[in-house]
Number of protein chains: 2
Amino acid sequence: MKTETKLIHFSEGIELESGEKLNSFDLMVETYGELNEGKSNAILLCHAFSGNHHAAGSSEDFGIGWWDQLVGPSKTIDTNKYFVVCCNNLGGCAGSSGPSSIDPSSQKIFGKSFPQVSVLDWVNSQKMLMDKLNIECWHFVAGGSLGGMQALQWSISYPDKVKKAGIFAAASKSSSQNIAMNEVARESIRKDENFHNGNYYEHNVIPKNGIKTARMLGHITYLSEEHMDSRFGRKFQDEGSKVEESVSFEVENYLQYKGEQFSELFDANSYILMTKVMDSYDAGKDKTLVEALKDVKAELLIVGFYSDWLYPPERGKEIQIAAMNNNIRSSFVVLQGDHGHDSFLFSSKTYSNLITNFIES
Amino acid sequence: MKTETKLIHFSEGIELESGEKLNSFDLMVETYGELNEGKSNAILLCHAFSGNHHAAGSSEDFGIGWWDQLVGPSKTIDTNKYFVVCCNNLGGCAGSSGPSSIDPSSQKIFGKSFPQVSVLDWVNSQKMLMDKLNIECWHFVAGGSLGGMQALQWSISYPDKVKKAGIFAAASKSSSQNIAMNEVARESIRKDENFHNGNYYEHNVIPKNGIKTARMLGHITYLSEEHMDSRFGRKFQDEGSKVEESVSFEVENYLQYKGEQFSELFDANSYILMTKVMDSYDAGKDKTLVEALKDVKAELLIVGFYSDWLYPPERGKEIQIAAMNNNIRSSFVVLQGDHGHDSFLFSSKTYSNLITNFIES
């Protein structure tokens, strides 16, 4: 698979939804396959909360791509046929401009001063990337969770630039409970003694404990209760392989391990910023969702998973109903999903066929 | 209402399920009403995770009792007719022996050295209290959540001492997800810089931030998604009444407020101990639940709430099925409940009638 990873600079900067401006910015971009002569085979993948530009294949820095089960030569999204683009979103911590990168104007790390961005800002910056890559229309824009919100927003903001959109395990807005969970995660980060009000870089420390706790909680929301019960149940952790002395059950050990691992890799300010993006997204803000979708021209494939309790299938159904009210060609499918919210990341025969047929139709 | 609050000393001590022994201990006990001559009107109320001995009426130290909506003169559990007993459980922090009380052998605060107790230990200590109060048989033992687990265990451990048991919003064991949520709460406490490995008393500090985060998470699990959506939705918090500058939404402000309030009142080591009691409870441990219930003589009233996602109605149904397999007289009722898991705390006409009819029948 032809893979290119590069940092692209946007010297023209970007006006953000908040009214603030970034005078210039960088996006870390990865592409797979090749753009055809007619420029008709481009696909944009939008990553979820903790994802990045590395969607497929294996890289030294990022291991196996987050959607490698579905993206690659002869896979669901076939990189022999399509030119697939993925970028680390603005505010992230995998190479694109974000709180942990250098502010060109001060030559210091942005830290807390990096402006709050939004799903719309991400879509607008991806549109700038699209122009730079000389792509006139995306054949398909897709993502799961927060990535699905971007796919939805693409079809709203740029109706002539998206032929098909895939909105998986997503919602048109976060619920009160979603926001509440994110606030607990943020609270644990902010109150870490090493957070230093977001200026931990200057102190050469990271608020590792806070990020760990946040991620442990996040992890519970990504898995379903059934999945946890069948995988861990009430099994005790054997003494020899305890990550922490205090754990009794396997599920505790698993969360401790996952949280610890993540806490070394993800920037705390990005964690706060990304969760705020998720909370603030509301496709129908200041109007109804039906009105928000009125100019959409893309065909929509909306997939929900029964085992997903973070963005349960009802959230997808709301999008489908608003689409139907606008006579938008759309399909809404609910799959069982064995991995709760995370089900969108995993390939299954039904899920894979659905997506391939939708893209090829 | 005749109310008595007293600290009762048990110089004989107690052997714990863990094999450890407390050489002596105290229970903080509150009683309402009067024991009749036949000693046939005694009711034991078992408190949930963060409850205490103060179940009804108003006290200077503890405000309105945790079950005041249902317990009092002419209320659901009528203190004109019944002698109602409630004690703060061993390991708690409202007067009974626990991590924050003085170890008589060392004259120092127990702290982390207070032994891990269990639901069975609580029931055994309540049995010792029963003997001290000259009660021969409880007419009714009841509780919600962790309190319901105690009511269930009473009917298993002391079949001749319980006529009726009320098991509300409870389960015969915690699920993998329940344990996972508790572990996140414990993690946030243990990693608070003021926790000092559980010896914060010596440093004259409390791990306030950790308890606050833990409680914020707990609170989400006590409320239902529907309740949160209808109460808070996506409403923004007005600037003038923000508890923390960082909050955007009302639901965040609410959690911040609730967490802050609780963090001043509850002992961190008790929080860890109580959640470990919840995690470790498994009525059918080492056998099946059907076998565990085989000697039960009490009549059971099991109530679940549709809006409860911490211990959803299926958990109550498991108890009912095991009871039916043993020909135990039992009723299983699922109510809507407007408050998620917390619904067991609130009076409603149906819930109240159910309980009164069950007690009086």
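Values quoted throughout were computed directly from the atomic coordinates according to the rules given, and no laboratory measurement underlies them. As the structure is a prediction and not an experimental result, all values here were calculated from the model. No Cβ is skipped: glycine too gets one built from the backbone with ideal geometry, and neighbour counts run over all protein chains shown.
With point charges of +1 on the Cβ of Lys and Arg and -1 on the Cβ of Asp and Glu, referenced to the Cα centre of region B:178-276, which listed residue (B:HIS203, B:GLY233, B:SER246) lies farthest in the positive direction of the dipole?
The one lying farthest along the dipole's positive direction is B:HIS203.
As an exercise, find the ratio Rg/Rh for region A:132-205 from alpha-carbon atoms, using the Kirkwood inverse-distance average for Rh.
Reported Rg/Rh, Kirkwood definition of Rh: 1.20.
Only Lys, Arg, Asp and Glu count, each charged at its Cβ (+1, +1, -1, -1), so figure out the dipole size of chain B about its Cα centre, rounded to 20 debye.
On the way: 34 positive and 47 negative charges, 149 e Å.
It comes to approximately 720 debye.
Take A:LYS75, B:LYS108 and order them by how many other Cβ atoms sit within 10 Å, fewest up front.
B:LYS108, A:LYS75
In a shell of Cβ-Cβ distance under 12 Å around A:LYS164, excluding A:LYS164 itself, what net charge do Lys and Arg (+1) and Asp and Glu (-1) give?
Around A:LYS164, the charge tally is +2.
Please find, in a Gaussian network model of chain A (springs between Cα atoms separated by less than 10 Å), the residue of A:GLN261, A:GLN320, A:GLN153 whose mean-square fluctuation is greatest.
A:GLN261
Which pairs, out of A:LYS191/B:LYS258; A:LYS173/B:LYS208; A:LYS81/A:LYS297; B:LYS21/B:LYS81; A:LYS6/A:LYS212, put more than 26 Å between their alpha-carbon atoms?
As for pairs spanning more than 26 Å Cα to Cα, those are A:LYS173/B:LYS208; B:LYS21/B:LYS81; A:LYS6/A:LYS212.
Which one of B:LEU223, B:TYR257, B:MET181 has its Cα pushed farthest toward the positive end of the charge dipole of region B:178-276, where Lys and Arg give +1 and Asp and Glu give -1 at the Cβ?
Value computed over the given set: B:MET181.
Add +1 for every Lys or Arg and -1 for every Asp or Glu among the other residues with Cβ under 12 Å from the Cβ of B:ILE302, and state the total.
+1
Just want the ordering: A:VAL277, A:VAL290, A:VAL29, from fewest to most Cβ atoms lying within 10 Å of their own Cβ.
Fewest to most other Cβ atoms nearby, the residues stand as A:VAL290, A:VAL29, A:VAL277.
For region B:307-348 and region A:18-43, what is the separation of their C-alpha centers, rounded to whole Å?
Here the answer is 53 Å between Cα centres.
Given the options B:CYS46, B:TRP122, B:ILE109, identify the residue whose Cα lies farthest towards the positive end of the charge dipole of region B:20-128 (+1 on Cβ of Lys, Arg; -1 on Cβ of Asp, Glu).
Farthest along the dipole direction, towards plus: B:TRP122.
Using unit Cβ charges (K, R positive; D, E negative) and no other charged atoms, how large, in debye to the nearest 20, is the dipole of the protein assembly as shown about its Cα centre? Kindly include the intermediate steps, with their values, before the conclusion.
Values: 68 positive and 94 negative charges, 223 e Å.
Taking the Cα centre of the protein assembly as shown as origin, the dipole is about 1060 debye.
For region A:268-284 and region B:211-241, what is the separation of their Cα centres, given in Å?
Result: 17 Å between the Cα centres.
Considering the alpha-carbon set of chain B alone, what are its Rg and its Dmax in angstrom?
Over chain B's Cα set, Rg and Dmax evaluate to 20.0, 61 Å.
May I ask you to list the GluC sites (Glu not before Pro) in region B:184-293 that are in a DSSP loop and have at most 11 other Cβ atoms within 10 Å of their Cβ?
Those satisfying the criteria are B:GLU245, B:GLU264.
Just to be sure I understand: with springs between alpha-carbon atoms less than 10 Å apart, which residue in A:SER307, A:SER58, A:SER188 has the highest mean-square fluctuation in the Gaussian network model of chain A?
Among A:SER307, A:SER58, A:SER188, the largest GNM mean-square fluctuation belongs to A:SER58.
Over 18 Å apart: what share of the alpha carbon pairs of region A:279-361 falls there, rounded to a whole percent?
48
Mind sorting A:PHE10, B:PHE236 by how few other Cβ atoms lie within 10 Å of their own Cβ, fewest first? Intermediate values should be presented prior to the final figure.
Numbers: A:PHE10 19, B:PHE236 11.
Ordered from fewest to most neighbouring Cβ atoms within 10 Å, A:PHE10, B:PHE236 come out as B:PHE236, A:PHE10.
What do the square roots of 5 times the Cα gyration tensor eigenvalues come to for region B:1-137, in whole Å, largest first, as semi-axes of the equivalent ellipsoid?
Values: eigenvalues 146, 55, 28 Å².
Value: 27, 17, 12 Å, ordered largest first.
How big is the gap, in Å, between the Cα center of region B:80-144 and the Cα center of region B:177-206?
If you average the Cα positions of each part, the centres end up 23 Å apart.
Give me log10 I(q)/I(0) at q = 0.13, 0.18, 0.21 Å⁻¹ for region A:178-276, Debye formula, one equal scatterer per alpha-carbon, no solvent.
-0.50, -0.85, -1.04
What does the charge add up to near A:GLY51, with Lys and Arg as +1, Asp and Glu as -1, over the other residues with Cβ less than 15 Å from its Cβ?
Details: positive: A:ARG215; negative: A:GLU30, A:ASP61, A:ASP68, A:ASP267, A:ASP342.
Neighbourhood net charge equals -4.
Among A:LEU293, A:LEU223, A:LEU22, which one shows the highest mean-square fluctuation when chain A is modelled as a Gaussian network with alpha-carbon springs under 10 Å?
Highest fluctuation among the options: A:LEU22.
Once Rh is set to the Kirkwood radius over Cα pairs, what Stokes-Einstein translational diffusion coefficient, in µm²/s, holds for the protein assembly as shown at a temperature of 37 °C and a viscosity of 0.692 mPa s?
Result for D is 119 µm²/s.
What is the Rg over Rh value, at two decimals, for region A:1-72, using alpha-carbon atoms and the Kirkwood definition of Rh?
Rg/Rh: 1.03.
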